[in-house]
1. Which of the lysines could be linked to B:Lys344 by a straight reach, that is with a Cα gap under 29 Å, when you skip same-chain ones fewer than 8 residues away?
2. So how far apart, in nm, are the two label points at A:Glu158 and A:Leu22 if each is 7 Å from Cα heading toward Cβ?
3. Among rounded, prolate and oblate, which fits the protein assembly as shown when a ≥ b ≥ c are the square roots of the eigenvalues of its C-alpha gyration tensor, a/c under 1.5 means rounded, and a/b larger than b/c means prolate?
4. Using Cα pairs closer than 8 Å and at least 6 residues apart in sequence, work out the relative contact order for chain A, in percent.
5. Taking the Cα atoms only, what angle lies between the long axis of helix A:373-387 and the longest principal axis of chain A, rounded to 10 degrees?
6. Keeping to pairs on different chains or 8 or more places apart, tell me how many lysine pairs in segment A:276-488 have Cα atoms under 12 Å apart.
7. Considering chain B, what Rg and Dmax in Å follow from its alpha-carbon atoms?
8. List A:Leu30, A:Leu72, B:Leu385 from most exposed to least, where exposure is judged by having the fewest other Cβ atoms within 10 Å.
Amino acid sequence: MSPVTVILAAVLLPVLAAGLVLFLGRWPNLREAVPIATGTALFAMIYSLMDVVRSGEVVRYSLIEVVPGVDLALHIEPLGVLFALVASFLWPVTTLYAVGYMRGHHEENQTRFFTFFAISIGAAMGVAFSANLFTLFAFYEVLTLCTFPLVTHHQTEEARNAGRIYLGILLTTSIAFQLLAIIWAWQVAGTVDFVRGGFLEGTASPLVLNVLLVLFVFGVGKAAVMPFHRWLPAAMVAPTPVSALLHAVAVVKAGVFTVLKVAVYVFGLDLMGELAVTPWLAWTAAATILIGSLVAFTKDNLKARLAYSTISQLSYIVLGAMLANAYGIIGGGMHIAMHAFGKITLFFAAGAIMVAAHEKKISRMHGLGRTMPFTFGAFFIGSLSIIGVPPAGGSWSKWYLGMGTMEAGQVGLLAVLMVSSLLGLVYLLEVPIRAFFSPPPPDSRRPDDVHEAPLPVLIAIGITATATVALFVNPGPFHELMTLLVTP
Amino acid sequence: MSDHLPVLLVVVPLIAAPIAALIRSVRLSWLIACGASWWALYAAWGLLSRVRGGEVISYALGGWPAPYGIEYRVDAVNAWVILIVAAIASVATPYAYQSVRREVESDRVSLFYSAWILCLTGLLGISVTGDVFNVFVFLEISSLSAYALISLGQDRRALTSAYQYLIMGSIGATFIVIGIGLMYIMTGTLNMMDLSERLPAVMDTRAIPVAFAFLTVGFSLKLALFPLHLWLPNAYTFAPSAVTAFIAATATKVAVYMMLRFFFTVFGAAFAFDVMQVDLILLPLALVAILSTSLVAIHQQNVKRLLAYSSVAQIGYMILGVSLASVAGLTAGLLHLFNHALMKGALFMAMGCVMYRVGSVRIDAMAGLGKKMPWTMAAFVVGGLSIIGVPLTVGFISKWYLVQAALAAGLWWVAALVMVGSLMAVIYIWRVVEVAYLSPAPDGDGVAEAPLAMLIPLWVLVAANVYFGVNAGLTTEVATRAAEILMGVTS
């Protein structure tokens, strides 16, 4: 298959799969086999793009010229391949998980759920391979809109409010800031095409460029930099596989991906380093890292705690971009992958606990580890990755981010990273420690027959937990891709 | 025949109208209306393809050369407007059949179609003519027939709202005719090109600025520029659904065209913007229109009224583009003429489908319609996304050009306010979507999907919303050309 065929198929296949899912709605097994098969094929196809990236060949495909000078176009570059690899690997795994979860939880409207899930993946692929800001923005908005039915899946009053916050923040930031920044960039530079090293240098006054950078960073609401982070905890009302999609597979990753892409391909690291506002934005990200961790501490609801942990971790990537050096970019890019695998393991485990033991609160998970050792073991591994200690993949990205702060001469930022990791150590490990080492509370009305979650759920957890450890042993393609991105 | 296209464009519907009235058969008069609108579309396309490159067609009515006889003059600007009117009519007329059968008493239907064709004739005539008095004549034809169409609505309040529109519309028309009269007194001519040559000699008299002021107010009334928009919400709310879809997508657009033609061709941009400084009034009014009426739209319970207020806001975007008085700004305004016709046409048609099945267009009546009328509500969602300006819809193209024009003029705060307007659209559109998709449907009311005869025209417009949002080559080319003609820039 030619590389162009691959990127076109990457966007179209999930959409076709969505159509097939809708068509096969009456036969659940067949219906759910479709995304698993498509996702596996998709991952294999995208992996084949590694050779294209290594060869440094420029592949760009213009679908249509929308207005003169701006086209809907796809291209291949290392960062996009990294994001697409992560999303396409986790899509079939999440689907497998969802099969167990949705059936175990007796959820309704499962066909609708799997349909929009598949479309969301198509949109994420579009984001990953977009060749200019316009295309990126278009797929970014499609992703926002087609995850709305997933967030409001339960159609309750609570879901409706969550949906409002979700759309409200994501559309507000993207239209009011990001789109404004895109049109502004087009107005000053006459192009919106991604160019390595950026296209904005020397096109406008430093004031305008500073304003543009701020608009871009806050305009990407999906990166959840405070104060535009509220949508993530709100969206927790959705079924757990949706949380996995939001936190690990597609949505937030599309956000931080956009920030990195803008840093490397719109501004360029040199220009970023010169702008006066860049350190300020780095400190905003640092504040989000700390506050996110602190808030996570106060949450007793496991999913809410994980949500704030995500907010905190996303800002690691934003921080990496704002460091404006190669280490920061490598660390940020790798953290997209490492955080994805770690966090999805945590969410899978949280969902498994809900399905099997019907517990949402951490304070009521005493002793559950004895009946669900596999789930809590996986949770432990996922936690290690988020904290950033061996033997989990997260250690690598944190290592590079730390190097980046030193390179930028920002010891204060390094301290922030350390403190946040320590906080993570406490608020995440509390869960498996309680589960394994505390006895069940005496007043527990927990039924005696609690056992591990359904098999598909366990397989999915096993895959992601294994991958988390494997990525420590060999960060393989992710490290290679990011190195290719920063070596000129 | 193609030499006579400019006049045939108007004459064919003008003859069709009395025939439709005399026949008194519902189906036949509807067919005549369809034929007339499709003819107009054919003629409009013929005209546009001839003037796309920047040529001008001048047609002397009855062989009397201008400035003595009436001249029909077609360039990229009005060919564009004619195409918008004709295209919407060609989709709205087929749609009207079922909707009108349900909403208008059967003994009045043939009269209804007669008024419908007359309204179309008037709108086409205003656009095609190069004679200012002829503009007034066609304006009255289109307005009087529009009053009649609106008064045929089911609700008794349709009568009062038509009356309200009649009063306001007549005041507007009177202002326009006073302005035309003053110009005639000073120059002795009614031909637009002739006027544009003779006006500079008398520019510094008191009469011409006064004429300009009268015309500006008159046009603002007809195009419903804030705060002269008060006739519009009632008229759109209580008119029969098909009428709302047709008029909302065309009548105000033609009024914007009149304003453009007088400002830029007759008076000239230099007089309108440098001497009279009309942009100092238009820009703030446009911004206030965008923000205040969007805010009002958010609080409406009746979706047709909500969309009507949204229309006033959207007119604000067009006038905002005009007020920038640059090629970029005019391009944005002209693009939005077309794009807004597509989105509002689709949205009002979707509401017509709901009216047809449910009998109400209040927000509470939408509960559960996402399941019961999936095609109708999906169309509403796409139209709504277009209003918001989501990429891959026409609304995005309009925003792209408008914001860019504002930034090019150094007005970054205007660009920001345009975005705020978009966000308010998110709120009023999403209120409807939320009820339709997330609220449970009342049981057993037997509501089903609208008939195909309504869905097909609706989806033609929806498809156009997406098509011209993804491939805006044609629309941007024509709009840019038209803007260059208005600004007197030759490329």
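1. B:Lys222, B:Lys253, B:Lys304, B:Lys371, B:Lys372, B:Lys399
2. 3.0
3. Judged from the Cα gyration tensor, the protein assembly as shown comes out prolate (a/c at least 1.5, a/b above b/c).
4. About 16 percent, as a whole number.
5. Result, in degrees: 30.
6. Lysine pairs satisfying the spacing and distance rule in segment A:276-488 number 5.
7. For chain B, the Cα radius of gyration and maximum Cα-Cα distance read 21.2, 73 Å.
8. Going from least to most buried by this count: A:Leu30, A:Leu72, B:Leu385.
Readers should treat all values here as calculations from the given coordinates under stated rules, not as data from a laboratory. Model, not experiment: these values are computed from the prediction. FYI the Cβ positions are ideal-geometry reconstructions off the backbone, even for glycines, and counts take in every protein chain you see.
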